[in-house]
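Below is one structure, written out as structure tokens; comments come after it.
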Amino acid sequence: MNSQIRISDLENIISEKIFIKIEKWNLYLGDAGLARHLAIECIRNKDQGPFDAANISLKAINVKVGDGVNSIPLINLITTSQILELEEILESFFEN
């Protein structure tokens, strides 16, 4: 149960703070249905440290586009400032 709470806590933070950037449009990962998946990946990669965990996790998640035939790694849809934000979130989250 404790691990589920931690995943949910991280998911909530990611949902509200991290977004996909398409042109001038921001789609928050909570709205896109990707926050929980990213939270699970980040916790799975926790031993790598917050900075590597963020990058490894963003590369591991593929976002389906269109009819779902094609997908794009999540890291390709996230701005550099959002990657830094995720690293900071993980750094703070992993300390607790």
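The values are calculated or read from the model by the stated rules, or taken from the named source; none is laboratory data. This is a predicted model, so every value here is computed, not measured. Because the Cβ atoms are built from the backbone with ideal geometry, glycine has one as well, and the counts that use them run over all protein chains shown. These area figures cover heavy atoms from the full protein model, side chains too; ligands, DNA and RNA do not enter into them. Shrake-Rupley method; radii C 1.70, N 1.55, O 1.52, S 1.80 Å.
Before moving on, here are some points about what is shown:
- Condition met for E85 (closer than 18 Å to G30 by Cβ, assigned to a helix (DSSP H, G or I) and open to solvent by 20 Å² or more (accessible area, probe 1.4 Å)): yes
- Qualifying residue in the range 49-70 (condition: among the aliphatic types (A, V, I, L, M), in a strand (DSSP E or B) and open to solvent by less than 30 Å² (accessible area, probe 1.4 Å)): yes
- Just so you know, in the range 71-82 the residues that are β-branched (V, I, T) and without any contact (Cβ under 8 Å) to a residue 24 or more places away in the chain include one that is most open to solvent (accessible area, probe 1.4 Å), and it is T80.
- Against the conditions (1) touching a Leu at 6+ places or on another chain (Cβ under 7 Å); (2) touching a residue at least 60 places away in the same chain (Cβ under 8 Å), A54 satisfies every one except (2).
- On the stretch given as the range 12-24, residues that are within 14 Å of I78 (Cα to Cα) and either at pLDDT 95 or above or not hydrophobic (A, V, I, L, M, F, W, C) (or both) total 9.
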